[in-house]
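Written out below as structure tokens is the structure these notes cover.
The values are calculated or read from the model by the stated rules, or taken from the named source; none is laboratory data. All values reported here derive from a predicted model rather than from experimental measurement. Cβ sites come from the backbone with ideal geometry, for glycine too, and all protein chains shown count toward neighbours.
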Amino acid sequence: MNIRDASFGGRIHHDRVTRGSKSSTQIWTIGRSATLTPMPNIASVLKAEIVRIARKEVRSETDSLRKASTAYRSEIATLKRRAQSLEQELRRLSKALPKPSAKTAEDHPDGKTRFSAKGLVTLRRRLGLSAEDLGRLVGTSGQSIYNWETGDVRPRDKHLPAIAALRIMGKKEVAARLAALLEAQK
């Protein structure tokens, strides 16, 4: 290796190095400690600087997105809690409201209470009653209830108000009324 003007420090010297059958030119500098260090290639330095700046920019962008995402998650959680509390309050208030009154014959323009066999089946299932128990509440037999449900026979007008009254009752009310009827029969 041949180094010229080593006393001035920082002078660049081209050196031809032969490795096997290939030869290449490398750039060397002499530092203050008088050791030889290879000078980096300008393309690799430029590429490294571009990568560093790109990472810095991406980091700043992702940091702002991360902060926004965290804020959105917090806001969503707050809205979910608020919706849940409003739903609970709605359920509480709906329980406190008085139940609508039974429709009477005056509510219908033709003066009659409507009846549907399918509606009676649905009512009985909703209340969890047997045909015999529903018959006791309406004032008829269980067989009549089966006949009404099949649609073969229509209930008499005197039974329609009792059926209409059952439409607005809940399971607990019906169970209490049935227990009172069974107690009265004893």
- Query: Which condition number in (1) part of a loop (DSSP other than H, G, I, E, B); (2) modelled with pLDDT under 80 is the one that PHE115 fails?
  - Reply: (2)
- Cβ pairs under 7 Å, 6+ apart or interchain, first in region 173-184 and surrounded by 15 or more Cβ atoms within 10 Å (Cβ to Cβ), second outside any helix (DSSP H, G or I) and at pLDDT 85 or above, ordered by first then second residue, are VAL174/LEU129
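One line per residue, one yes/no per condition, for (1) surrounded by fewer than 10 Cβ atoms within 10 Å (Cβ to Cβ); (2) part of a helix (DSSP H, G or I); (3) among the charged types (D, E, K, R); (4) modelled with pLDDT of 55 or more:
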{"position": "MET1", "(1), (2), (3), (4)": "yes, no, no, no"}
{"position": "ARG4", "(1), (2), (3), (4)": "yes, no, yes, no"}
{"position": "SER44", "(1), (2), (3), (4)": "yes, yes, no, yes"}
{"position": "VAL51", "(1), (2), (3), (4)": "no, yes, no, yes"}
{"position": "VAL58", "(1), (2), (3), (4)": "no, yes, no, yes"}
{"position": "SER69", "(1), (2), (3), (4)": "no, yes, no, yes"}
{"position": "GLU75", "(1), (2), (3), (4)": "no, yes, yes, yes"}
{"position": "LYS80", "(1), (2), (3), (4)": "no, yes, yes, yes"}
{"position": "ALA83", "(1), (2), (3), (4)": "no, yes, no, yes"}
- Going through region 144-156 one residue at a time, which ones are assigned to a loop (DSSP other than H, G, I, E, B) and either in contact with a helix residue (DSSP H, G or I) (Cβ under 9 Å, 6 or more places away or on another chain) or surrounded by 15 or more Cβ atoms within 10 Å (Cβ to Cβ) (or both)? GLY151, ASP152, VAL153, ARG154, PRO155
